[in-house]
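Quick notes on the structure that follows.
Nothing in this text is a laboratory measurement; each read-out follows from the coordinates by a stated rule. All of these numbers come straight from a predicted model, not from anything done at the bench. Note: ideal-geometry Cβ built from the backbone for every residue, glycine included; neighbour counts use all protein chains shown.
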Amino acid sequence: MPTASDTQFTSQFETLPSNQPMADEIRANILNNPGFGKHFTDHMAHIRWTVDADWHGHQVRPYGPLTLDPAASVLHYGQEIFEGIKAYRHADGSIWTFRPEKNAERFRRSARRLALPELSDADFIGSLKALLAQDHAWVPTPASASDECSLYLRPFMIASEAFLGVRPAHEVDYYVIASPAAAYFKGGVAPVSIWLSSHYKRAAPGGTGFAKCGGNYAASLAAQKEAEAHQCGQVAFLDAAENKWVEELGGMNLFFVFKDGRLVTPRLTDTILEGVTRNSVLTLAKEEGLTPEERPISIDEWREGAASGEITEIFACGTAAVITPVGELVSEHERIRLTAGDANNDSNEVAMRLRTKLLDLQYGRSEDKHGWLTQLV
Ligand SMILES: *Cc1c(COP(=O)(O)O)cnc(C)c1O
């Protein structure tokens, strides 16, 4: 166990350094080929909340199993939310993250919907800084501009009170764990096939679709299994009320590029999660001369636009996979592919241009005109 003399402070975070950090050589091997979500750094950040004492006990401590009472309410009623954000190493060795105040704000929106306590920007961003102060060696160094390695940060909040009654928990824990990551999709940015579930819905009006909570993901897994059985990597969900409007994928937002330069994405409702990547793409698209439109888009418009050549590209976006072209939409009845009417159709030129623009910003290769980067280390 760490002793008091090992204790250091980063802002208000008390740091208990691990006495068994990963050996440099083993960590270097992991960073050479990290995969996604498989390996974790030496430490985790933790803040405790109780109804009487509010947020307290800010700590960075050795990564390891949690001790949870079997009656902890998260295990029974799923009161849980999370975030996903990355740390990028720039060429000068410094470490940065992208628009963390957007994630902090979304985390509070999710917290309100799940009746969890809200965490301040200072605690949210402070927890990332405190963890990185300890685990900065785990942020991989890109070998080239096409090497999309990063440290994926996973803040999450769980109801830990031991109580089987159904009400918001009076004891809650917030943690941040970190996992070195290579590109999300193995084998580069090949267009993905998307499964359109004719039965399952991800979100309904008044539900939790706009919140980033584990429950939404639990509810999407049966559809994900269907997708895999049809050789599709992701699921597209239509709205629950009319089964007509395109919403998003299980964990990524969708964009449609039109021949005339319009870039359409479904308008935000409480059944769509507002991605930080989505929001950033809307801004960057304008700089690229595209005309962003947030409006409802129906499955019929997708089908007809794909057939007529009006829609020239479709892509999905999110922090983990950045921007990924969509190759086709598969359902029980049909396959919707973009027609190869003009030479640009297969190149996904717009998606790849926006992707490069976003990555150049995140890795500090272009000027941060919007003030989107926050230095962690
Ligand atoms: C996290 C997530 C996204 C993407 O959000 P980013 O902030 O861009 O990573 C999109 N849809 C769902 C359902 C998500 O959980």
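Just a few scattered comments:
- Structural size metrics of the chain, computed from C-alpha coordinates, are Rg and Dmax of 21.4, 70 Å.
- Average silhouette area of the range 4-183, convex hull of alpha-carbon atoms, in square nanometres: 11.2 nm²
- Residues of the range 145-188 with amide N under 19 Å of the 7 Å Cα→Cβ point at H56: 158-162, 169-175
- Computed extension gain for S144 through T291, at 0.36 nm per residue and net of the alpha carbon distance, reaches 49.8 nm.
- Within straight-line reach of K225, meaning a Cα separation under 16 Å, sit the following aspartates and glutamates at least 8 residues removed in sequence or on another chain: E332.
- Using the Cβ-Cβ distance between K259 and E334 with R0 set to 25 Å, the FRET efficiency works out to roughly 0.70.
- Loop-located trypsin sites (Lys or Arg not before Pro) in the range 26-113, at most 14 other Cβ atoms within 10 Å (DSSP): K38
- Within the range 284-298: backbone nitrogen closer than 14 Å to the S366 label point (7 Å, Cα to C-beta): 284-290
- Each label point was placed 7 Å from the Cα along the Cα-to-Cβ direction; for A71 and S120 their separation is 3.3 nm.
- A simple rule links phi to the HN-Hα coupling: the Karplus curve 6.51 cos²θ - 1.76 cosθ + 1.60 with θ = phi - 60°, which for the range 40-49 gives 10, 6, 6, 10, 9, 9, 8, 9, 9, 10 Hz, with x for Gly and Pro.
- Helix-only [θ]222 nm of the chain, DSSP H runs n ≥ 4, -39500 (n - 2.57) each, per residue, nearest 500: -8000 deg cm²/dmol
- Measuring nothing but how far apart in sequence close Cα pairs (under 8 Å, 6+ apart) lie, relative to its length, the chain scores a relative contact order of 17 percent.
- Counted over all Cα-Cα pairs of the range 192-361, pairs farther apart than 25 Å make up 26 percent.
- Acute angle (nearest 10 degrees) that the helix 121-135 long axis makes with the longest principal axis of the chain, alpha-carbon atoms: 70 degrees
- For the pair the range 49-96 and the range 131-177, the centres of their Cα atoms are 5 angstrom apart.
- Crossing angle, helix 276-287 versus the chain [Cα axis fit, 0-90 degrees, rounded to tens]: 50 degrees
- Cross-link reach is defined here as a Cα-Cα straight distance under 26 Å, omitting same-chain residues fewer than 8 places apart; for K129 the lysines meeting it are K38, K86, K102, K212, K357, K369.
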